[in-house]
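Asks: Just dropping this structure here.
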Amino acid sequence: MSATADPFAETRSTLAELIAATPAPKRRGTLLIVDDEEGPRLALKMVFKEKYDLLLAEDGATAIKLAGENDIDVAVMDIRMPGMSGIELLERLRFVRPNIEAIMITAFETTDTMRQALRLRACDYLNKPWDVGTIRNAVGQAMQRRVLESEIHNSAEKVHELLTELQNQRVEEQIAQTRGDIYASIIHDINGPLSVSFGFVQLLNQKLNQNLNLEVEDLEFIKERLRSVERQMSNCIEIQRRYLGFLRRQGSDGTSAGVNQLLRDLEQLVRVHPSLQENEFRLTPLIGEIAVKVNGTDLIQILLNLVVNAFQCTPAPHRVEIGGEVLGAPLDLTQFKDGPNDRLLNVESMENTAPLATLWVRDTGPGIPAVVLPKIFDPYFTTKGPRQGTGLGLNIVQRLVKAANGALHVHTVAGEGTTFTVYLPGANLAK
C-alpha cells in the first residue's frame, strides 16, 4: 500500500459529515421547584410553566424521590425548610444528580449558608422576595449551561460510537486482508500437485500415442504414473476439504486438521513472507497431535501476526521460533503475575479445561520496554515506522484468542527477547 494512500479517507469524511449534520437535540429542560410554602411554589410554576417541564416538591424527601425518577437540569430550592434544609437537600441531590444546577432562595441570608451553598456548587443565591426578571435570568442561565453540557455529552457519545465503528471496520478489513494472503497460499498449495499431475498425464498421453502395442514394462510405467497422479489428486482434495472447513467456521466437532497440520501450512506462508528477510526461522511441531476449538484460518492468522511482529521487532537479523506442547491438565493461573516483564490477557473468558494446546512464538530481539508493554495490544499502537505496520496486528491476535476462549501471555526481557504464548482449548481430531 502506498504511504500516501488512505483507504479510510472516505469513511473519515463521512464520519465528519455525520457529526456536522447531527442536529442538536431539542428539549425544554426540566426544572425542580422545592419550597415548603405553597404560595412560592405556585408563583414559580406560573413564571416557568410555559418554558420548562416542571416538577414540584414541598419537602426534601419528595425532591430526592423526584430526582431519582427524572432527569432534572435545574433545581430552585428554599434554604429554610422543616425536616431537611435546602443545604442538606442540595448535598443529597449531588449524589443522585451530580451535574444538577442549583439556585438557592432564602429570606434569611447568612454568611455561613452562602459559604455552604457555594461549597456544594450552587450556581446562584437569591433573596426573598425575588423579582420575576432576576429569577428568570438566573434559571435561564443555569438551564442554558445544563442543556449545553448535556448536548455536548450526547455529541461526545455519538462521536465515540462512530469512532468505535470505524475502528472495528478497519480491524475487520485487516483480518480480511490477511485471510486473502492465506487463501492465496491455498491456491499455491493446490497448484503444486495439479502441475505434477498434469505433467504425468501429458507423459502418459505421449507414451500411449507412441506405443500402440504396449509391453509389460510400458504397462508398469503407466501404472506407476497413475498411482502418482492419484496421490497428487488426494493431496488436492485434502487441502480443499481442510480449508473449506475453515471457511465454514466449523466447531470442535468439525475440526478437519490438527495443530501440526496448521503449523505446516503456516510454515509455507512464513518461508515466503517479505518480513523474513535475513532473519532465522525455526518451527518445531508438537509432540503428539491435538486439534483446537478455533477456526483453522484464525489460528494461522494468530500465529502469522505474532511471527511477523517478531520479525519486525528490530532491523538487525535475529531468530524467531515457533513451538508448543499439549497440556494434560488445566493451566495454573496463579503462576502468572502481571508486571514490567509479563502480561496475561483474556483470563476471564478462558476455557481452562484439559487438554490445552500451548503455542509460543519466541524471538531473540531487544525485548519490549516496561513503559510500552501495557500498550502493545491497543488498536493502532505501534513503535514501527509508517511503512512497517498498521498497529493492528497484536490487537487482532487478542481479539481472535478471546473469541476462541483462549488466553495470551507475554514475557519479555530487555536484551534477550520476547515470547508470546497462546493457550487454546483442545478438541478431538476429526476422523
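Asks: What order, most packed first, do the peptides 291-297, 36-42 have when packing is the mean number of other Cβ atoms within 10 Å of each residue?
Replies: Most protected by this proxy first, the peptides run 291-297, 36-42.
Asks: To continue, here is another question. Work out, step by step, the length gained on full extension between E173 and A329: first 0.36 nm times the residue separation, then minus their alpha carbon distance; give nm to one decimal.
Replies: Extending this stretch completely gives an extra 52.5 nm.
Asks: Let me ask another. I'm checking a number: the convex hull volume of the Cα atoms of region 256-427, normalised per residue, in Å³. What is it?
Replies: Convex hull volume per residue, Cα atoms: 107 Å³.
Asks: How far apart, in nanometres, would the label points at T134 and E37 be if each is projected 7 angstrom from Cα along the Cα-to-Cβ direction?
Replies: Between T134 and E37, the label points sit 1.5 nm apart.
Asks: V372 to R145: extension gain in nm, 0.36 nm per residue of separation minus the Cα-Cα distance?
Replies: Difference between extended and current length: 77.7 nm.
Asks: Extension gain D338-E161, at 0.36 nm per residue separation less the Cα-Cα distance, in nm?
Replies: That pair, D338 and E161, stretches by 60.7 nm at full extension.
Coordinate-derived values only; no laboratory data. Note that the structure is a prediction, hence the values are computed from the model and not measured. All Cβ positions, glycine included, derive from the backbone under ideal geometry; neighbour counts span all protein chains shown.
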